[in-house]
Amino acid sequence: MSGIDLNVSPTEDDDIDMDPPFCTQAPPPEMVEESPDPIGSEQEVGGGSNDHSNRGPHTNSASHNVGNNSIPTTTMPTESTTYPEFEDGEDDIAGMHEVLSTPTEPFIGMRFDTVEAARVHYNAYAAKLGFSVKSHTSQRNRHTGTLEKQQFVCNKFRKPKTDEELQRERMNIIEEVSPVQMDEENSEGHDEDDKSGPSKRSSSRLAVKRKRETIKQTSCRARMFVKLINNKWEVTYFIAEHNHAMVDKPSLTKYLRSHRGIPPDEREFLRCLHNCNLQTGRMMEIMSEFYGEDAFVPYGPKTISNLRSEFRSENKEYDISETLDYFKDLKQKDPDFFYDFSLDDENRVEHIFWVDSVARKAYEESYHDCVSFDTTFLTNRFSMPFAPFVGINRHGQSFMLGCGLIRDEKQESFEWLFRTFLKAMHGRQPSNIITDQDWAMRSAIKAIFPVTWHRNCRWHIMKKANEKLGSFLGRRPGLAEEFNSCVDESWTVEEFEARWQEMVLKWELAGNETFDWLKKNAHTWVPCYFKDRFFPFLQSTQRSEGFNVVLKRYIHPHNSIKHFVQQYEKIQRKILGVEGNNDYRTEQLEVVPQSTFPIEKHALTVYTRDIYHRFKVEFELIGRYNVQVLAPNMYYLVPNSERCYPYGERSYMVNASGENSYNCDCCKFQRDGLLCCHVLKVFTHIGIDRIPERYITKRWTQLAVESVTMPTGPALDELMPEQSLQKLRYANLCTSFVQVAKLGSETEQAAAIARRHIREMKAEFVQLKKVRRKKAKSNTSTNAAQPTVPTYAHQHTSDPNAPHHTPGANAHQHTASRNAPQPTPSGNAHQQGAGNNGSSCPAATSSSYREACSTFGSYYSSSKECSAFAKN
């Protein structure tokens with residue numbers, strides 16, 4: 001006899017006096033007698049165990065007891081409970097048991113197709129009564145290893161622990177605490193250099209003892225035995241009585257261990273939510289919306305959290321290889337997709353880089369003029385810094401130009417990444433690049449991008465300075481304002497040097513290490529050193545950092561790298577979608593200009609819509625300045641108010657040289673690619689009504705990237721895979737049927753109407769599936785080289801997230817097949833969720849409501865026809 005305990009808790013492994021596991025034992029009082037064995041006397045196959053054979057046949061013992069009138073018994077007829085309309089030999093539906101939406105009490109002679117079907121039915125019956133079940137001992141054939149007998153018991157079947165056993169457990173907990181750790185905790189002035197004993201970290205690990213809350217045991221004898229007879233699992237022994245109180249609130253049954261499972265269809269729906277990086281609480285809110293209330297959801301947040309951990313751990317050891325295979329698939333779909341990786345001395349992947357064809361074309365044609373690079377986002381699973389290359393598109397919005405994952409932030413890693421980026425972009429270096437202050441990164445940029453103008457992020461530098469100068473600045477009111485004015489409002493290097501020196505003398509900053517360091521590295525971050533370089537609308541790596549914020553909404557750091565790549569693609573598609581929307585706004589929608597100046601109307605026609613709005617903000621500032629003509633080609637702009645943000649209090653000189661050539665001291669056009677308010681003021685003053693062609697930057701127009709267009713796809717039904725459509729139908733129908741269930745549970749008459757329509761729908765679905773099977777058979781029979789396989793059976797799918805088929809379970813458990821019929825939650829449909837109560841509908845306090853809800857579920861979402869019928 002081999003004993004297994006499939007669902008036992010780790011704390012319940014202590015030895016107990018177990019009841020004889022099969023029906024060879026004389027039945028206890030108040031039980032149901034075994035029916036006659038359909039194939040004669042019950043014999044051990046392959047020898048059996050000695051314990052089992054020595055006790056003698058159970059039928060003899062039971063007959064003896066009955067003859068003595070010592071035990072009242074009830075004999076139930078042996079009955080096959082299959083659907084008569086499914087008895088046409090079809091493997092997917094034949095043998096489904098006629099178990100009502102409210103599961104019937106098991107009886108001797110009840111038969112099931114699989115042992116899993118028996119377990120699921122008993123578990124559904126347990127959910128109805130309010131107790132939990134577990135798989136207990138089993139017996140296999142000694143020669144073939146085939147399972148032949150299985151026992152299911154109430155989870156309170158063990159003997160309660162005695163006072164001596166409880167005291168022994170308490171003593172074990174005390175003994176497992178390290179004496180060294182206890183001395184450390186209770187003593188003061190412990191010598192940290194004393195290494196004669198365990199360290200604090202190791203001793204604390206020894207002291208950790210998880211305090212589990214165990215199930216109250218009552219030696220409950222409720223159980224059910226099933227035995228394999230003529231390829232059917234038949235109930236041969238059943239005890240219904242319990243010696244403990246049941247969970248009387250149906251909304252609490254989801255906390256019982258055997259009812260914590262999630263139905264397969266809902267697992268796949270939760271997988272979709274998990275892939276969207278929704279938090280567990282948000283996922284629970286969505287499921288509560290489907291079920292109507294939180295109490296009706298047959299599982300809790302902890303179950304969803306465990307499921308998400310299971311998703312994250314799937315194929316963890318093959319994460320890198322699956323990611324590279326995924327890249328190969330993308331390469332086949334998009335020939336211009338680029339990826340590369342490097343291996344270390346142990347043949348392990350240490351760096352990865354990838355970029356799609358759209359980004360490569362956009363970079364080569366227009367977006368190479370300014371790139372932001374940052375490595376602040378870390379994937380905690382492998383501690384690999386995430387390194388995105390972020391550009392700016394024609395609408396002034398972030399645009400991803402590639403992505404890398406590197407092992408560390410050393411110069412060698414950055415050099416490999418930049419070299420690979422250069423290879424992907426056909427050797428074209430970025431004109432300007434802005435990064436955080438990392439000296440290894442700066443050295444790598446200087447080595448790989450020698451002609452690129454490198455700028456450090458002002459925000460990072462000021463943050464580090466504030467950490468060191470916080471108290472110093474607090475004791476000197478006014479210093480911070482003067483420091484910011486010196487940095488932000490110095491338009492030339494000479495002006496910055498003079499103002500800095502004046503500030504140092506005024507505030508006696510000579511010898512301050514932080515200010516000396518800021519001045520020494522001023523050429524890497526102070527704006528006046530980059531006034532004629534193209535860094536549009538930014539002074540920091542805010543684009544990369546903003547992208548990291550977006551990425552954190554899409555990606556959980558504990559997820560796999562493959563999931564990381566897939567989510568990166570979603571973000572790129574979202575960016576392209578937003579870009580397409582902005583293209584539509586620019587080309588198809590109108591906006592009323594802020595003023596009546598012709599030059600603003602001209603800007604509206606040449607720039608993209610978002611760039612026009614930036615131009616409009618700048619154009620509004622022309623009223624803040626007065627023009628003084630110093631010479632025929634020299635214009636002096638004087639502010640007519642105390643301060644004009646962001647230009648400060650100073651005046652500016654505009655020089656006109658040659659034909660339609662205008663230069664301003666602020667250098668906004670060189671920095672942002674847009675004319676400043678000073679030049680625009682001169683235009684309005686001298687009567688120029690159109691922006692000169694040389695000042696219309698192509699990258700801010702719709703012609704910036706001519707070859708990049710949004711792909712046009714097929715219709716929605718063709719674009720969305722059938723498996724995704726099935727999930728969508730499932731979610732929509734669940735919401736609709738919950739509303740129907742609420743109405744149907746108000747009165748018994750309403751519940752009867754709901755049950756009548758349920759029976760009619762089920763009959764229609766059966767006929768629909770028969771037609772589909774006949775069509776599938778006629779199609780497959782034309783190919784003699786291939787065997788006839790029903791379309792509802794297990795089918796291979798390339799979807800890595802599709803659930804695997806479980807051997808021994810019914811074929812309809814596999815939800816990845818497009819044509820796989822989804823069973824009703826009643827009867828053997830409980831097989832779809834191991835460890836669940838079998839129903840994908842809410843458990844409510846009203847029995848009518850539960851009965852109505854339990855009939856709705858994944859069955860109706862298995863096909864477009866079923867979904868349409870259910871809606872009608």
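Observations
- Based on protein heavy atoms only, the range 300-372 ends up with 51 Å² per residue of surface accessible to a 1.4 Å probe.
- In this structure, the amide hydrogen of N141, modeled 1.01 Å from its nitrogen in the peptide plane, lies closer than 5 angstrom to those of T146, L147, E148, counting only residues at least 5 positions away or on a different chain.
- Ligands, DNA and RNA left out, the accessible area of the range 611-708 computed with a 1.4 Å probe is 47% carbon and sulfur.
- For the range 395-473, alpha-carbon Rg over 2.2 N^0.38 Å: 1.30
- 3J(HN,Hα) along the range 154-171: 6, 6, 9, 6, 6, 6, x, 6, 7, 4, 5, 5, 5, 5, 5, 5, 4, 5 Hz, from the Karplus curve 6.51 cos²θ - 1.76 cosθ + 1.60 with θ = phi - 60°, whole Hz, x for Gly and Pro.
- Too-long pairs where the Cα-Cα distance tops 24 Å, listed order kept, from K410/K464; K468/K668; K519/K681: K468/K668; K519/K681
- For F389, the residues whose amide H sits under 5 Å from its own are L401, G402, C403, G404, ignoring neighbours fewer than 5 places away on the same chain, with H placed 1.01 Å from N.
- Backbone geometry of the range 624-636 corresponds, through the Karplus equation with coefficients 6.51, -1.76 and 1.60 at θ = phi - 60°, to 3J(HN,Hα) couplings of 8, 10, 10, 9, 10, 8, 8, 7, x, 10, 10, 10, 10 Hz, x marking Gly and Pro.
- Proximal charge balance of R419 [Cβ under 11 Å; K/R count +1, D/E count -1]: -2
- Compactness of the range 101-153, expressed as Rg and Dmax over alpha-carbon positions, Å: 12.4, 40
- Out-of-range pairs (alpha-carbon distance over 22 Å; input K249/K762; K216/K249; K128/K216; K216/K254; K232/K769; K423/K574): K249/K762; K232/K769; K423/K574
The values are calculated or read from the model by the stated rules, or taken from the named source; none is laboratory data. These figures come from a predicted structure and were not determined experimentally. Don't worry about glycine lacking a Cβ; one is built from the backbone with ideal geometry, like all the others, and counts go over all protein chains shown. Just the protein is used for accessible areas: all its heavy atoms, side chains included, with ligands, DNA and RNA removed. Shrake-Rupley method; radii C 1.70, N 1.55, O 1.52, S 1.80 Å.
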